[in-house]
1. Given the conditions (1) touching a strand residue (DSSP E or B) at 6+ places or on another chain (Cβ under 6 Å); (2) open to solvent by 80 Å² or more (accessible area, probe 1.4 Å), and given that Asp70 satisfies all but one, which numbered condition is not satisfied?
2. Name the residue that is most open to solvent (accessible area, probe 1.4 Å), counting only residues in the stretch 243-266 that are assigned to a helix (DSSP H, G or I) and of a type in the set (Asp, Glu).
3. Given the options Met32, Met81, Met54, name the one that is farther than 30 Å from Met222 by Cβ and in contact with a Phe, Trp or Tyr (Cβ under 9 Å, 6 or more places away or on another chain).
4. Kindly provide the set of residues from the stretch 152-199 that are outside any helix (DSSP H, G or I), open to solvent by less than 30 Å² (accessible area, probe 1.4 Å) and either under 22 Å from Val308 (Cα atoms) or among the polar types (S, T, N, Q) (or both), ordered by number.
5. I'm trying to understand the selection: among the residues of the stretch 16-40, which are over 29 Å from the mean Cα position of the chain (by Cα) and aliphatic (A, V, I, L, M)?
6. Residue check: is Ala327 touching a residue at least 12 places away in the same chain (Cβ under 8 Å), at negative phi and either of a type outside the set (A, V, I, L, M, F, W, C) or open to solvent by 10 Å² or more (accessible area, probe 1.4 Å) (or both)?
7. Can you pull out every residue in the stretch 279-312 that is in contact with a Leu (Cβ under 6 Å, 6 or more places away or on another chain) and of a type in the set (A, V, I, L, M, F, W, C)?
8. Among the candidates Leu219, Leu233, Leu226, single out the residue that is outside any helix (DSSP H, G or I), surrounded by 13 or more Cβ atoms within 10 Å (Cβ to Cβ) and touching a strand residue (DSSP E or B) at 6+ places or on another chain (Cβ under 9 Å).
Amino acid sequence: MMTLDGRKVRILQTVVEDYVQTTRPVGSERLMELCDLGCKPATIRNEMAEMADMGYLAQPHTSAGRIPTDLGYRYYVDELMDSRASLKPEEVQQIRLPQGEVEELLQQTCRILAHLTHYASIATHPVTESVRLRRVYLAEADARHLLLVVLLSTGHVEHLLLESEVIPSSIDLLALSGYLHSITAGYTLEETLRGIPLSTVPQEFSGYRRLLQQVLQALAQMAASLSNRRVYLEGTGQLLRQPEFHDIQRLEILLNALEQHQALLQVLSRVSAQGRSYSVVIGSENEWEPLQACAIVTTTYEVAGQPVGYLGVVGPTRMEYWRATAAVQVMAQNLSNVLTNLSLAS
């Protein structure tokens, strides 16, 4: 990335911020209205032509003004954007997240984030090698089924329905739950996926050995399902607000891409690879072609200080980057706080 002198920096910052707000290419006369560059329009035009040659600006049509390129946006995000910018205090105060199931919590987080930014929002289910089984319960569901309830260290609760030839009494179910807890508590998801061994079964549970084995197999299946991170997506309708996606074909390509969850996971995980509090991937920087018309802002969220998932927004490269990064970080912090509280309370 080539260094820009002071005048070119002011031109780039003004072009980016005005184009983001108006969606109109910025010409020399418009620049003179917006800031005092201490030179004539002809000089400004020459500066913008040089910046186009350098790759920071582009001219969409002959005789039109200039718009930022992906490189121009990158320079703005890395060098010019105020990283300390924040949401309005009243916006932050209005954020309310539910204290219930993790799925509801993630969905509501994404809805609020989409509302704050007017971009599509995405989140992954919390998964980490340190997630452990905290509690296992068995309860009667009906004459042929038992309900297996699993509480994880993240505060997340899984419910599994098991078909059983034998339905233990309520007293035996309570005792079996205690025994299952004693042999499963503390196992990580990875260890559960490999299988929890069933060694010597106490004499009082010898008649339920098959049921106990069935429960351990169900726990392994649950771990396998949770290891394949679920992706939550909200606010795709917000993309219709963006002029860039008024083209139906372009919008269809993007919406189809957002349904490819495994590919999205690879995009989201770039935040941890960059070692920053948030990641901004702009246009052609994205190796996945269907998202090269977009910008993606992501960060991680945590449970008790341990990163467990990703949260972010997807929008056009003509993105209000300061607001997107501020909103993503605020929502990630709120989500982290609620999940940590759930974990500590369970």
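The values are calculated or read from the model by the stated rules, or taken from the named source; none is laboratory data. Note that this is a predicted model, so its numbers are computed, not measured. Neighbour counts are summed over all protein chains in view; Cβ atoms, including those assigned to glycine, are modelled from backbone coordinates with ideal geometry. In case anyone asks, the SASA skips ligands and DNA or RNA and just uses the protein heavy atoms, side chains included. Shrake-Rupley method; radii C 1.70, N 1.55, O 1.52, S 1.80 Å.
1. Of the numbered conditions (1) touching a strand residue (DSSP E or B) at 6+ places or on another chain (Cβ under 6 Å); (2) open to solvent by 80 Å² or more (accessible area, probe 1.4 Å), the odd one out for Asp70 is (2).
2. This residue is Glu252.
3. Met81
4. Leu152, Ser153, Thr154, Gly155, His156, Ser164, Thr188
5. Within the stretch 16-40, Val26, Leu31, Met32, Leu34, Leu37 qualify.
6. Spelling it out, it is not the case that Ala327 is touching a residue at least 12 places away in the same chain (Cβ under 8 Å), at negative phi and either of a type outside the set (A, V, I, L, M, F, W, C) or open to solvent by 10 Å² or more (accessible area, probe 1.4 Å) (or both).
7. Val303
8. Only one candidate passes the filter, namely Leu233.
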